[in-house]
1. Kindly indicate whether any position in region 221-235 is in contact with a strand residue (DSSP E or B) (Cβ under 7 Å, 6 or more places away or on another chain), crowded, with 21+ Cβ neighbours inside 10 Å and not aliphatic (A, V, I, L, M).
2. With the structure loaded, tell me whether residue 293 is at pLDDT 80 or above, more than 18 Å from residue 417 (Cβ to Cβ) and touching a Cys at 6+ places or on another chain (Cβ under 9 Å) or whether it fails that test.
3. Look through 303, 329 and report the one residue that is of a type outside the set (D, E, K, R), at pLDDT 80 or above and closer than 18 Å to residue 434 by Cβ.
4. Of the conditions (1) more than 20 Å from residue 273 (Cα to Cα); (2) surrounded by fewer than 18 Cβ atoms within 10 Å (Cβ to Cβ); (3) polar (S, T, N, Q); (4) at pLDDT below 85, residue 42 satisfies every one except a single condition; which number is it?
5. Can you pull out the helices (runs of 4 or more DSSP H) entirely within region 356-442 that have at least 2 residues that are open to solvent by 80 Å² or more (accessible area, probe 1.4 Å) and at pLDDT below 90?
6. Quickly run through region 45-55 and pick out the residues that are among the small types (Gly, Ala, Ser) and open to solvent by less than 70 Å² (accessible area, probe 1.4 Å).
7. Kindly indicate the residue of region 178-194 that is in a helix (DSSP H, G or I) and in contact (Cβ under 8 Å) with a residue 60 or more places away in the chain and also farthest from residue 150 (Cα to Cα) among those meeting that condition.
Amino acid sequence: MVLADLGRRINAAMSDLTRSNVVDEKALDSMLKEICMALLESDVNVKLVSTLRANIKKQINLKDQAPGVNKRRLVQKTVFDELCALVDCQSENGDAPAFKPKKGRSNVIMFVGLQGSGKTTSCTKLALWYQRRGFKVGLVCADTFRAGAFDQLKQNATKAKVPYYGSYTETDPVAVAAAGVARFKSEKFDIIIVDTSGRHRQEQELFAEMVQISQAVKPDQTIMVLDASIGQAAESQSKAFKDSSDFGAIILTKMDGHAKGGGAISAVAATRTPIVFIGTGEHIHDLEPFTPTQFISKLLGMGDIRGLVDHVKHMNLDQKETMKHIEQGIFTIRDLRDQLSNIMKMGPLSKMAGMIPGMSQVMGEVGEEESSKRLKRMMYIMDSMTEKELDSDGKIFVSEPTRLTRVAKGSGTSVREVEDVLSQQRTMARMVKQVGGKKPPRPKMKRLRA
């Protein structure tokens, strides 16, 4: 995954601080040096890195901390918050609320970006994402410049079962875009997504054409599709698009690759434009809503329970019991088994493992093939448990240790592996307890007056 190496290096730097006997200015400076070097080597702009370091130093004044303050926890939280701020532009644009399409009216979304950034594929992914949430969606191909553009969109739309519009004869993209939007509006479509030609900031004619298309279709939202592997060129290109089309959102693509990815983060910061989705694979379902805290949690191997629950929810799997437990803040061994079983049905393990606390580190250490084998062994272990054990929170194995030996023999594994499964369940249970199980405050009784 893009930025995976960055996540490992930041984790290593924070772990060194945690293991340090004394948390002082020297240890803090050493950690910040490692984090800044990791960010710079991942193509993050030097000004952003300098600002990040200054903000962390400003918020953590170790000399003024009270004796009882947990300095390690303070440092970890501050680093996490500043990394979130690095990719979060929405909070700074508080006066401009995020675009939310409304049913019953036509919402036009226009896509812009460089050639080869994945616009056409992202158009289909977004159309399918909205369609699965009850919207009536149509796709318009206004890319008459690239050979085979309409054929690609047509093939993708047919696969996703999304209505589309385009022309093999009309060469004017403005005319095609206007005609397609008008047709879908007349048919009462909720969302109309317009795919435009890829263009470079030096191609002035194509930029003028993009402005003309925008004037013709009057989009409610303009999205720039940005390749996560573009590098340092991302910033200048994004500024040029911002000046011409004034896009209000960004979709990062190719986040499943092995590029550095820091250039894309720099582009987001330079244009002060929020990321709304990230593309995590080639499949039409590989599109995830972007939330800064969840993104950084996955980056640092802390998991994304909310993202996992949402993904499972929209896969139309039978998860009534698990969802009920999560809402109550409960996560049993059976829930873990059901979630892992569903993960094996939902595509590449590397994508889903990032949502589970601790699993991304395992993936990084042993690779996807070995991780798949480990996942299957975990399933064998839980399949060897009794109904009582599956429905428990794992404490039954502490009070009755002989159960560990029985399960290990029954699954053909070791006691250590059984303990690892129980440890995984406890980690997820703690995360679930934070997500759910929060009881609403009791209403205050009004004092009765005689």
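1. Yes, some residue in region 221-235 is in contact with a strand residue (DSSP E or B) (Cβ under 7 Å, 6 or more places away or on another chain), crowded, with 21+ Cβ neighbours inside 10 Å and not aliphatic (A, V, I, L, M).
2. yes
3. On inspection, the qualifying residue turns out to be 329.
4. That leaves (2) as the condition not met.
5. Qualifying helices (runs of 4 or more DSSP H): 359-383, 415-435.
6. Within region 45-55, just 54 meets the criteria.
7. 185
To keep it simple, each residue is scored yes or no on (1) open to solvent by less than 50 Å² (accessible area, probe 1.4 Å); (2) within 17 Å of residue 247 (Cβ to Cβ); (3) touching a helix residue (DSSP H, G or I) at 6+ places or on another chain (Cβ under 9 Å); (4) outside any loop (DSSP other than H, G, I, E, B).
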{"position": "146", "(1), (2), (3), (4)": "no, no, yes, no"}
{"position": "153", "(1), (2), (3), (4)": "yes, no, yes, yes"}
{"position": "207", "(1), (2), (3), (4)": "yes, yes, yes, yes"}
{"position": "216", "(1), (2), (3), (4)": "yes, yes, yes, yes"}
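The values are calculated or read from the model by the stated rules, or taken from the named source; none is laboratory data. Here the structure is a predicted model, which means the values were calculated and not measured. Glycine gets a Cβ as well: all are built from the backbone with ideal geometry, and neighbour counts include every protein chain shown. Heads up: the accessible areas ignore ligands, DNA and RNA and are worked out on the full protein's heavy atoms, side chains in. Shrake-Rupley method; radii C 1.70, N 1.55, O 1.52, S 1.80 Å.
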